[in-house]
Amino acid sequence: MFASVVSGAVCGIESRLISVEVDISNGLPGFSMVGYLSSEVKEAQERVRAALHNSGINLEPRKITVNLSPADIRKAGSGFDLPVAVAMLTAYGYIPDEMVREIFFAGELSLNGKLRGIHGILGMVGEAKAAGCHSCIIPEANVREGAVIQGIRVYGARSLSEVVAHLQGKKALTPCVINIEETFQNGRKVHQEDFADIKGQEIVRRAAEIAAAGRHNLLISGPPGTGKSMIARRIPSILPPMTLDESLEVSMIHSVAGILPEEGILCERPFRMPHHTVSAVGLAGGGTVPRPGEISLAHRGVLYLDELPEFQKETLEILRQPLEDREVIITRNSGSYVFPSDFILVASRNPCKCGYYPDRTRCHCSDGEVRRYLRRISRPLLDRIDLHVCARPVTYEDLQGEAEGESSEDIRRRVLQAHEIQTRRYAGCRFRFNGELPAEAVSRYCRTDEKGGKLMQSVFTRKRLTARTYHRVLKVARTIADLEGEEEIQTRHLSEAVCYRPEE
C-alpha cells in the first residue's frame, strides 16, 4: 500500500514543495524514514507514533517506509509530522486517497495529537498555490499567516483528530478568509515617536531627512545623552509607508524567523537594533540550516547599530558586501542561499571610550586611546556610510525652549516628494533610489556644472577621497537637490554634501 501527500521545506527564505511518500508492506514491523533528513525530522516517527495512539488510532504493526522527496534537498524542522501522519493513514486506508490530492499539509504534532505552529508557513502556502494545490491544512496557530495568500483555501486545525475527521468527511474544517487589503491597512500604526520631540540637533535632523529621502547610510557621532538613539528610533516615522508587495516580501522573511505578528503580515517598516554582542551569524544569518540574520530582518527598513565601535570587528566587516549588493549570499554544502538586505544603516558612536572627547574637562583618554577606539571601525566600512554627522551636547536653553521641532509628518511629506522624483527618474532601471546608484550610473544622473566640477576637484584632493566616497558625495548631493525639487545639482548642494564627509 502506497500513499503520497504534499508538504514543504524552507530553504533560506524560499520554500520548496516536498512529496511525503509512505509505503506499507509485509515484513518485520518497523518504521524507517529516508530522504536527506535532519535529526528533528527523523524524530518525527516517534512523535507521529505517539500522536496516533493518543488520538485513538491504533494501526496494525507493519513495515513502514517514509521517503521525503526530492532527496537532494535537506529537510529540517518539525513541520513534517502532520504530512507523515496523514500519508500513513492514507496508506493504511483510514483516509480515502482522493481526499488528500492537491492538498498541502504542514505542522508539528505533540505526543497527545495536538498541532503546534511552525515557521515559514507564509512562503510554503504561496509555493503550494503556485504548484496548483487547492487547499492547505496547517496548525491553527499559523492559519492567519497562511490565509494572507489569496486564491487558496487555508484550513487551521487544532489536532490530528480534527484533520482526520475533515478528510474522512465526518466534520469539515472551516477555511480562514481574510481581506488582505483591509488587514494591511488596519495593521498600520501611528508612530508614537516623533521628530517633534527632538530638541536642537538641527544638523543631525537634516542628515536623517537626507538619509530617508535617498536611502543613504548614516553615522551619528557624539557624547552620551545628545539624542543619537532618539533620532535613530524616529527615522522610520519619516519613511514612506510600505506597499503591500513590500509588506509581503518582508513578511516572508519574518515568517521564516518565526517573528510575524498575530495579523500574519508585517505592515510597518522594520526597525532592528541588535546588541553589540551579536555574533556574525546573528547579524548576517547562517547556521547549519541557514536562517535570516538581523540585516535581512531589517530589509526595507532600518538597521540601527548603537555604540558601533563596541561591536566585534569581524562582525562589522560582514556588512561590507550587503551594503553594496543589497543581499547576503550564504554558501553551504547543500547549496547557496540568498537573503535580501536592502536596508538603511544607521549607526552611532561616542568620540572616545569614555564618550566626552574633546572636552578635556571630562575626558581623560589619551590621544592614542582615542585613535585606537575610532580605528575599531575600518576605513572600508566607513567609506560605505554616506552621511557622517556630529551631535552636539544639548544645552539648557535647548531643553527649555518652547518651540517644538518640525514633526515627522512634515518631514515625511518632503521625503515622499523626493521619492516620487526618483521613481520617475529611475523608471525601468534596476535601482530606485539615489543611494542605490551604481558607479556607472553616477556620471549620468549626478552631473555637475563647471563650477561644481572645480569644487569637487578641490574636495577630492583636500579630503583625499576614494572613488567610492567621491561617488557617495555626488549621490548625497543628488538627494539634496531632489529635496529642493531641483533638476540640476547646484554648487550649494555639493557644498552641503561635502560637509557630511569626515576629514581623513
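The values are calculated or read from the model by the stated rules, or taken from the named source; none is laboratory data. None of these values were measured; they are calculated from a predicted model. Using ideal geometry, Cβ is built from the backbone for each residue, glycine included, and neighbour counts are taken over all protein chains shown. Only protein heavy atoms, including side chains, enter the accessible area calculation; ligands, DNA and RNA are left aside. Shrake-Rupley method; radii C 1.70, N 1.55, O 1.52, S 1.80 Å.
Just to be sure before I move on: is Val281 without any contact (Cβ under 8 Å) to a residue 60 or more places away in the chain and either assigned to a helix (DSSP H, G or I) or in contact with a strand residue (DSSP E or B) (Cβ under 9 Å, 6 or more places away or on another chain) (or both) in the structure I sent?
Criteria met by Val281.
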Filter region 378-391 for residues that are surrounded by fewer than 16 Cβ atoms within 10 Å (Cβ to Cβ) and in a loop (DSSP other than H, G, I, E, B) and give the result.
Ser378
Taking into account only those residues within region 474-504 that are touching a residue at least 60 places away in the same chain (Cβ under 8 Å) and closer than 19 Å to Ala441 by Cβ, which is surrounded by the fewest Cβ atoms within 10 Å (Cβ to Cβ)?
Lys475
Can you find a residue that is part of a loop (DSSP other than H, G, I, E, B), under 30 Å from Thr479 (Cβ atoms) and among the hydroxyl-bearing types (Ser, Thr, Tyr) anywhere in region 360-373?
no
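Could you tell me which residue of region 247-278 is farthest from Val154 (Cα to Cα), considering only residues that are among the charged types (D, E, K, R) and touching a His at 6+ places or on another chain (Cβ under 9 Å)? Before you say what the answer is, go through the steps one by one.
Just the residues of region 247-278 that are among the charged types (D, E, K, R), to begin with: 249, 262-263, 268-269, 272.
Pick out the ones that are also touching a His at 6+ places or on another chain (Cβ under 9 Å) and you get 249, 268.
Numbers: Glu249: 20, Glu268: 25 Å.
Of everything passing the filter in region 247-278, Glu268 is farthest from Val154 (Cα to Cα).
Restrict the check to region 409-416 and report whether at least one residue is of a type outside the set (D, E, K, R) and crowded, with 18+ Cβ neighbours inside 10 Å.
Among the residues of region 409-416, at least one is of a type outside the set (D, E, K, R) and crowded, with 18+ Cβ neighbours inside 10 Å, which makes the answer yes.
Out of curiosity, is Arg392 touching a residue at least 40 places away in the same chain (Cβ under 8 Å), out of contact with any strand residue (DSSP E or B) (no Cβ under 9 Å at 6 or more places or on another chain), within 23 Å of Leu305 (Cα to Cα) and of a type in the set (Lys, Arg)? First the steps, then the outcome.
Values: touching a residue at least 40 places away in the same chain (Cβ under 8 Å): yes; out of contact with any strand residue (DSSP E or B) (no Cβ under 9 Å at 6 or more places or on another chain): yes; within 23 Å of Leu305 (Cα to Cα): yes; of a type in the set (Lys, Arg): yes.
Criteria met by Arg392.
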For residues that are modelled with pLDDT of 95 or more and part of a helix (DSSP H, G or I), scanning just region 162-202, find the one that is surrounded by the fewest Cβ atoms within 10 Å (Cβ to Cβ).
Ala165
Confirm whether Leu260 is open to solvent by less than 40 Å² (accessible area, probe 1.4 Å) and either part of a strand (DSSP E or B) or farther than 17 Å from Val415 by Cα (or both).
yes
Working only within region 125-161, note down all residues that are among the aliphatic types (A, V, I, L, M), open to solvent by 10 Å² or more (accessible area, probe 1.4 Å) and in a helix (DSSP H, G or I).
Ala130, Ala141, Val143
Can you list the helices (runs of 4 or more DSSP H) found entirely within region 294-335 that contain at least 1 residues being of a type in the set (Phe, Trp, Tyr), surrounded by fewer than 22 Cβ atoms within 10 Å (Cβ to Cβ) and more than 11 Å from the chain's Cα centre (by Cα)?
none
Of the conditions (1) closer than 25 Å to Cys267 by Cα; (2) part of a strand (DSSP E or B); (3) open to solvent by 50 Å² or more (accessible area, probe 1.4 Å), Ala347 clears all except one; give me its number.
(3)
Quick check, is Gly117 among the small types (Gly, Ala, Ser), open to solvent by 10 Å² or more (accessible area, probe 1.4 Å), in contact with a helix residue (DSSP H, G or I) (Cβ under 6 Å, 6 or more places away or on another chain) and within 22 Å of Ala44 (Cα to Cα)?
yes
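Assess whether Val370 counts as being out of contact with any strand residue (DSSP E or B) (no Cβ under 9 Å at 6 or more places or on another chain), open to solvent by less than 20 Å² (accessible area, probe 1.4 Å) and of a type in the set (Val, Ile, Thr). Give the steps one after another, and end with the answer.
Details: out of contact with any strand residue (DSSP E or B) (no Cβ under 9 Å at 6 or more places or on another chain): yes; open to solvent by less than 20 Å² (accessible area, probe 1.4 Å): yes; of a type in the set (Val, Ile, Thr): yes.
Yes, satisfied.
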I'm told Met242 meets every condition in (1) closer than 29 Å to Gly107 by Cα; (2) assigned to a loop (DSSP other than H, G, I, E, B) except one. Can you identify the failing condition by its number?
(1)
Does any residue in region 76-91 that is at pLDDT 95 or above come within less than 6 Å, Cβ to Cβ, of a residue that is among the polar types (S, T, N, Q) and not in a helix (DSSP H, G or I) six or more places away or on a different chain, and which pairs are these?
Phe80/Ser7; Pro83/Ser7
Identify all residues within region 203-238 that are in contact with a Ser or Thr (Cβ under 7 Å, 6 or more places away or on another chain), within 17 Å of Gly405 (Cβ to Cβ), open to solvent by less than 20 Å² (accessible area, probe 1.4 Å) and not basic (Lys, Arg); write none if there are none.
Ile210, Ile220, Ala232, Ser237, Ile238
Name every residue in region 429-461 that is open to solvent by less than 90 Å² (accessible area, probe 1.4 Å), modelled with pLDDT of 90 or more and part of a loop (DSSP other than H, G, I, E, B), in order of residue number.
Cys429, Phe431, Phe433, Leu437, Pro438, Cys446
Would you please name the residue that is most open to solvent (accessible area, probe 1.4 Å), looking only at residues in region 462-473 that are among the hydroxyl-bearing types (Ser, Thr, Tyr) and in contact (Cβ under 8 Å) with a residue 60 or more places away in the chain?
Thr466
Would you confirm whether any residue within region 109-126 is among the basic types (Lys, Arg) and closer than 30 Å to Glu249 by Cα?
yes
Given (1) within 29 Å of Ile377 (Cβ to Cβ); (2) under 27 Å from the mean Cα position of the chain (by Cα), where does Cys429 come up short, assuming only one miss?
(1)
